[in-house]
Amino acid sequence: MKILYFELRKEFIRKSFFFMMIILVIINFFWLEWDYHTNGGFTEDYVKVNASEKENKYYEELHQYLDGKLNAEKVSYVSEEYQRYHNLVSGDYSTEYDSSMHTGYAFGDYSLLTVHFYNPIKYLITYKELNDGSLEKAEENIRFFSDKNNKYEVEKNSFILEHYKNRNPLYFYETGGWKHLLSYDKSDLFILVLLIVGIIPTFSKEKKNAMEIIQITSAYGRKLYIPIKLIAHIFVAVWLELLFGIINYVVIHMQYGLSGTKMMLYSINEYRYTPLNISVIEFYLLEVLSKCIGFAIIAVILTMIARLIKNTYAAFIAMIGYTSVFLYFSGFNSGITFVENVLTLISPFSLLKLEELATSLKEIKFCGHFMTFHSFLYGVQATLIVILLCTMLVIEKRGK
Amino acid sequence: MIRSELYKVFIKQHLILFLFVFLFLNAAYHIVTGYDTTTVIRNSESYYTSFFDKYEGKITTEKTTQIKEEYKKLEKDTVNMLSNKLEKQAFESFYHVYLYESDSGSGYLTDTRGWESILCHDNINYLLAVFVVLLGVMLFSVEYENEMNIMIVSTCGRNRLTGCKIFIGIAGAIISASLFQIVHIMYLVSTIGLHHADYPLNTIEFYENSRYGISLGTALLFKFIVTILGCMLLVSFAMLMTVLLKRREICMVLAVLLVILPRMIFSNSSILYRIPWITPLLSANGFFWPDRYTHQIIDNQLKKVIVFQAIETKTMLIVLSMDIFLIVLSSYIVFGKFSNHRKSKYIKMTSKILPCLLICFCLTGCGEISEDKEVIIDGTLNAQINMTIGGNMYYIDQNENLVYCEDAKNNIIAITRNIIPLQQRITNIFVDAHYCYYLLEDDNSSNIIVRSVDLESFEDKLVYSAGSDNTEDFYGLRKDESNDADEILKNIATVNWFIVTDKVIYYQKNSAIYKCSKISGKQEIIAEAVSDDEVQYLKGVLHYTDAHGKKTSYNESAK
């Protein structure tokens, strides 16, 4: 452990690194605030900070009453209110300020109730029926494809049947905050910046100070020279992701409230076809875990670049180049061709995009068998990293 | 001394190599991304340019008469089926330019695509930015890392040396900014051309409401100079950070962040250009952009919403003056700090306050909400929605977005059996003895996808895809520019029919026949201005009717 601490002291437990980290944490905080005050709030058409006091009061009142498990009373209340407002705005209605209305305007009441309560509740109520229809189709497909001896489709439909059954999302909570938390990715950039800053000088400094020779000629240091650097960088990558993950959660929780942690992921309309049967908080933890693995792999590759390219400037450009190219590759995650799938799979940056991969069922055919894309991605990344580490070890041994 | 400093930076630290590599990448980038144009013009480029060759210059009464006569002539042509369709399309694009120039433009006709490519975008040249950062950091970091700075500051020539370094930094920034921009200009001149630099700026429709009565050439010169100024500011900040922080890795990354963070935060907002900072200078064009609007539906009413507010001349001058002041100030601090002069109270205070100010500049201000544009298209007219093979009728159920087969005994089975709804619409089917092919189209893209279902095992396979759009936005740095009207129309146009052969797929869209290789994925147009008559594919030969009603063939093996 001591050697790990010494390794971390070289580049990471330093004033300059902490200075940068604090600056980036502050920028991240301001960024979240900026998002909340501009695009943020709950949807594009209802930004809480720009809404009037009356609008916010009505919004809060409705949430207080409707949040939690939906029952017949709540559903009939929303339906009746919706019908009442619908009738009101269907005919000639006043567009002037009306103090008797909750928001001050008839259309304001109708719009707020429809967009933020009636439509989401309708989605939750009707989800089970639509989902059951899909499951019936899946059952029929299993029978059909079994007759046709189509193994892949049988596996796929069995997966659907297993993972989409018993879905009945009857818990209503505000989802704007969760959507923002799950899709927020600016902190990934800051983690990348910190990793690049810390990893660039790892080997060049040792060489410059003639420490490399001392370390690789000592009995203990020779074995641990590269592994301990890799472990230190992985440790920092995971630690940074956890730090930013916690900060993002805390800040967004302060802004939005983030109620309903046990709400299922598919309760959010955008994730209606997700294959994951987990709650929103569990998905966030899974996302953080996936990012930890992703950043750990990226840290290993950046370490390899720093090992191969001793010139700091060239290493800096190579790291920026690697980040840009592989980040671009991960952008093909919605692609369907073989090349697009391969590019997405080889990019460790795809692991930072679990949120995009989880919105629907993305599959891959491997040796005639069905596999979900995200689970296959983990397998490919694990294989690639093992190959890369082995290659590095072989090169190092030959070098010695 | 300058020579030895140049040798140290450019040769010993390989900056010259980086310069060549970056210039090469810059040229490659411009060649790959090309110049501004539309699909319609691209398809009928020769016709389009021929109209400009004919009518280029000031719009006179004589030219107006000729253009109107040409318009009438081509209008009549539309009655004659699809003849001269490309020429007509090109003339329509030209006529649009003519109408703009004669009504509210400058009164001059010229092909402005080259000028649009360089004056209507606010992209930052990140290759140039990274190179300038390297230059700034390299100039000072080596001395600190070798601890040579102690030796340097204890000699008599320390002021001269620091002066030399700052001079090389500033001059290097000017030269590199010029070189990178010249490469872009040369590319445009050699491809589309930058003609008539003396024409007013509002010759470009984008600048219709511009408040500046300057010429196109002057606007380009202004952009050129402002970008140079941006590079000078960037290099001076890179040097400043190096002398303050002394660690090159941190300085390089921080300097790049100084450029990209404001861009990510302010995005398209005009607020970016009201801040005396590096990023707006490197974007440059926004300083003389006019007000820009978009239309949004608010409370069931179509309202005009401003998305970019033009920068007032006074504000621009203040911002540019402050930028120049920042260059001088940062160079001064670099000079004082590196030469290790006794710090005056002022320098001490400034060197502490400046980084705080820099962060504040990055974090203050507020921008408009960027709008999402979406075109919702409906309808699959003229599409191949059913086919009968061997007594079985295959058809598309457009409501369910599925393909069904009805046999002679009226038994219906689903051919496509997806549980999760498809993201694209099935618009056409094609059936042969063993497979049922279905073609998918997306309203937001002109790419097609062809999949097949094996009629024995019902195995669903991808046959062809031109590729999806890459969704990576580089944390907000890459902006998807909205499609122009022609692109949107191209997406709306549905495929009329498609045929799948062993190696290729043929399909007709917009009166053109496309050929797509199933192996390489390459797509090409094999015939333009094709009529909607019957198409036949027989023994490797595609028979179709052209716009003049003449039967024409395309032999697959002969090509």
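Here, each number is a calculation from the coordinates, and none is a lab measurement. No experiment lies behind these values; they were computed from the predicted model shown. Positions of Cβ are backbone-derived with ideal geometry, glycine not excepted, and every protein chain shown enters the neighbour counts.
Each part gets one Cα centre, and for region A:146-181 versus region B:245-297 those centres are 43 Å apart. How far, in degrees from 0 to 90, does helix A:72-90 lean away from the longest principal axis of the Cα atoms of chain A, to the nearest 10? The angle comes out at about 70 degrees.
Taking the number of other C-beta atoms within 10 Å as the exposure measure, put B:HIS184, A:HIS163, A:HIS233 in order starting with the fewest.
Taking fewest neighbouring Cβ atoms as first place, the list is A:HIS163, B:HIS184, A:HIS233.
In terms of its alpha-carbon gyration tensor, region A:237-360 comes out oblate; a/c meets the 1.5 threshold, while b/c is at least as large as a/b. Just flag the trypsin sites (Lys or Arg not before Pro) in region B:1-46 sitting in loop per DSSP whose Cβ has no more than 12 other Cβ atoms within 10 Å. The qualifying sites: there are none.
Could you state the number of Å between the C-alpha centres of region A:349-366 and region A:57-111? One Cα centre to the other: 39 Å. Were the residues from A:ILE214 through A:GLU33 laid out at 0.36 nm apart, the gain over their Cα-Cα distance would be 60.2 nm. Projecting the Cα atoms of B:TYR394, B:TYR554, B:ILE448 onto the charge dipole of region B:386-555 (Cβ charges, centred on the Cα centre) puts B:TYR554 farthest toward the positive pole. About its Cα centre, the dipole of region B:30-135 is roughly 200 debye, where the only charges are +1 on Lys and Arg Cβ and -1 on Asp and Glu Cβ.
Looking at region A:273-342, the trypsin sites (Lys or Arg not before Pro) that sit in a DSSP loop and have at most 16 other Cβ atoms within 10 Å of their own Cβ are A:LYS310.
Counting Cβ atoms of other protein chains within 10 Å of each residue's Cβ and taking the mean over peptide B:410-421 gives 4.
If R0 is 22 Å, the Cβ-Cβ spacing of B:ASN123 and B:SER46 corresponds to a FRET efficiency of close to 0.15. The C-alpha atoms of chain A define a longest principal axis, and helix A:312-330 lies at about 40 degrees to it. For the protein assembly as shown, the share of alpha carbon pairs falling in successive 10 Å distance bins from zero is 2, 9, 16, 20, 21, 18, 10, 3, 1, 0, 0 percent. Per residue, the protein assembly as shown reaches -18500 deg cm²/dmol at 222 nm when only DSSP H runs of four or more residues are counted, each adding -39500 (n - 2.57).
Ordering B:VAL541, A:VAL78, B:VAL334, B:VAL504 from the fewest to the most neighbouring beta carbons within 10 Å gives B:VAL541, B:VAL504, A:VAL78, B:VAL334. Using all Cα-Cα distances in region A:48-172, what percent lands in each 10 angstrom bin from 0 up to the longest? P(r) over region A:48-172, rounded to whole percents: 12, 30, 22, 15, 13, 7, 1.
For the residues A:THR38, A:THR344, A:THR202, a GNM of chain A with alpha-carbon springs under 10 Å puts the largest fluctuation on A:THR38. Put in line by how crowded their Cβ is, counting other Cβ atoms within 10 Å and starting with the fewest, A:CYS292, B:CYS516, B:CYS231, B:CYS251 read A:CYS292, B:CYS516, B:CYS251, B:CYS231. In a reduced charge model with +1 at each Lys and Arg Cβ and -1 at each Asp and Glu Cβ, chain A shows a dipole moment near 3000 debye about its Cα centre. Give the residue from B:ILE41, B:GLY107, B:GLY57 lying farthest towards the positive end of the charge dipole for region B:39-110; charges sit on Cβ (+1 for Lys and Arg, -1 for Asp and Glu) and the dipole is referred to the Cα centre. Final value for the positive-end residue is B:ILE41.
Which residue, A:LEU352, A:VAL89, A:LEU113, has the largest displacement toward the positive end of the dipole of chain A when charges sit on each Cβ (Lys, Arg +1; Asp, Glu -1)? Going by the charge dipole, the pick is A:LEU352.
Largest mean-square fluctuation among A:ASP132, A:ASP109, A:ASP92, in a Gaussian network model of chain A whose springs join Cα atoms under 10 Å apart, belongs to A:ASP92.
Summary of the geometry: region B:7-22 and region B:388-408, compared by the centres of their Cα atoms, lie 66 Å apart. Summarising the label geometry, the points placed 7 Å from Cα in the beta-carbon direction at B:GLU69 and B:ILE185 lie 4.0 nm from one another.
Does region B:386-555 come out rounded, prolate or oblate by the C-alpha gyration tensor, with a ≥ b ≥ c the root eigenvalues, rounded set by a/c under 1.5 and, if not, prolate when a/b is larger than b/c and oblate if not? Taking the square roots of the gyration eigenvalues as a ≥ b ≥ c, region B:386-555 is oblate. Using only side-chain charges placed at the Cβ, +1 for Lys and Arg and -1 for Asp and Glu, the dipole size of region A:48-172 relative to its Cα centre rounds to 540 debye.
Kindly express, to the nearest 10 degrees and within the range 0 to 90, the angle between helix A:280-308's C-alpha long axis and the longest C-alpha principal axis of chain A. Long axis of A:280-308 versus the principal axis of chain A: about 20 degrees. Taking A:ALA219, A:ALA296, A:ALA237 as the candidate residues, the one with maximal mean-square fluctuation in a Gaussian network model of chain A, Cα springs under 10 Å, is A:ALA219. As an exercise, use a Förster radius of 41 Å and the Cβ-Cβ distance of A:ASP98 and B:HIS96 to find the FRET efficiency, rounded to the nearest 0.05. Between A:ASP98 and B:HIS96 the formula returns 0.30.
How much length is gained on full extension from A:TYR378 to A:PHE366, taking 0.36 nm per residue of separation minus their Cα-Cα distance? Present the calculation step by step, with values, prior to reporting the outcome.
Numbers: separation 12, 0.36 × 12 = 4.32 nm, distance 1.39 nm.
Roughly 2.9 nm would be gained on extension.
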